[in-house]
Amino acid sequence: DETEFRNFIVWLEDQKIRHYKIEDRGNLRNIPSSEWPKYFQQYLQDVNCPFTSQERQESVDWLLGLAVRFEYGDNVEKYKNCQPATTTNKAEKPTDPLIHLDSSNPDFKAGVMGLANLLKIQRHDDYLVMLKAIRILIQERLNPEAISKARQSKEGLPVALDKHILGFDTGDATLNEAAQILRLLHIEELRDLQTRINEAIVAVQAVIADPKTDHRLGKVGR
């Protein structure tokens, strides 16, 4: 939502970043103004953001990082003793191969950017962060098991919609056809649910119908 986005930027500047003096924030606070995008672009330039106002996701991500840095700077004593979420054995050597990469190498940057564009991954000013995102996507979505699951498709039989009575008329042939399709899909879901219920009942009955025999009592069951 455009209004919420503008309010969010103003809140970041007012509460966390505070790059402008209070009296200089008027243009940014004038949210209904048609010229607000121009002032937002100027604001990004003033805080030395590497992204433009057209790159909203990237610029917001960068501004949030800046806000966190300032928040820490204002409360160093509060945050410096915080324990990390996970602790590792100091004797263990780091196993992340990314730490040995030269992120300033132009070829490295070009390669990462090419992969990010190919996989439609959001841009980030830190190329190592982008590379980690690429690695996560490949591990979770592009491994052989994930690809095989994605390729699995259910084969069905063609259905003649004109042979199924809808039960009501919307007054539009296209809407009637869409309603018939939705009804058939709903029936299919109900059938699948009934099948699962039947399987659960059978499993429970199999347990109940197999009482344990207590030879000491000389009878079956209790």
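The values are calculated or read from the model by the stated rules, or taken from the named source; none is laboratory data. Treat the numbers as computed from the prediction; the structure is a model and nothing was measured. Quick reminder, even Gly has a Cβ in these numbers, built from the backbone with ideal geometry, and neighbours come from all protein chains shown. Heads up: the accessible areas ignore ligands, DNA and RNA and are worked out on the full protein's heavy atoms, side chains in. Shrake-Rupley method; radii C 1.70, N 1.55, O 1.52, S 1.80 Å.
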*asked:* List the helices (runs of 4 or more DSSP H) inside the stretch 1-85, counting only whole elements, that have at least 1 residues being at pLDDT 90 or above and of a type in the set (Asp, Glu).
replied: 2-12, 36-46, 56-74
*Output the number of residues of the stretch 88-117 satisfying the condition of being in contact with an Asp or Glu (Cβ under 9 Å, 6 or more places away or on another chain) and modelled with pLDDT under 80.*
1
*Do we find that residue 62 is open to solvent by less than 60 Å² (accessible area, probe 1.4 Å) and over 26 Å from the mean Cα position of the chain (by Cα) in this structure?*
no
*Considering the stretch 24-46 alone, what residues qualify as being in contact with a Phe, Trp or Tyr (Cβ under 9 Å, 6 or more places away or on another chain) and under 28 Å from residue 126 (Cβ atoms)?*
28, 43, 44, 46
*Pairs where the first residue, in the stretch 29-44, is of a type in the set (A, V, I, L, M) and the second is part of a loop (DSSP other than H, G, I, E, B) and open to solvent by less than 40 Å² (accessible area, probe 1.4 Å), C-beta under 9 Å, 6+ apart*: 44/51; 44/53
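Residue by residue, here is whether (1) within 25 Å of residue 55 (Cβ to Cβ); (2) surrounded by 10 or more Cβ atoms within 10 Å (Cβ to Cβ); (3) not acidic (Asp, Glu) holds:
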site: 128; (1), (2), (3): yes, yes, yes
site: 167; (1), (2), (3): no, no, yes
site: 180; (1), (2), (3): no, yes, yes
site: 188; (1), (2), (3): no, yes, no
_Hits in the stretch 7-47 - residues which are polar (S, T, N, Q) and within 24 Å of residue 75 (Cβ to Cβ)_ = 15
*Please find, among 42, 57, the residue that is under 20 Å from residue 4 (Cβ atoms) and open to solvent by 80 Å² or more (accessible area, probe 1.4 Å).*
57
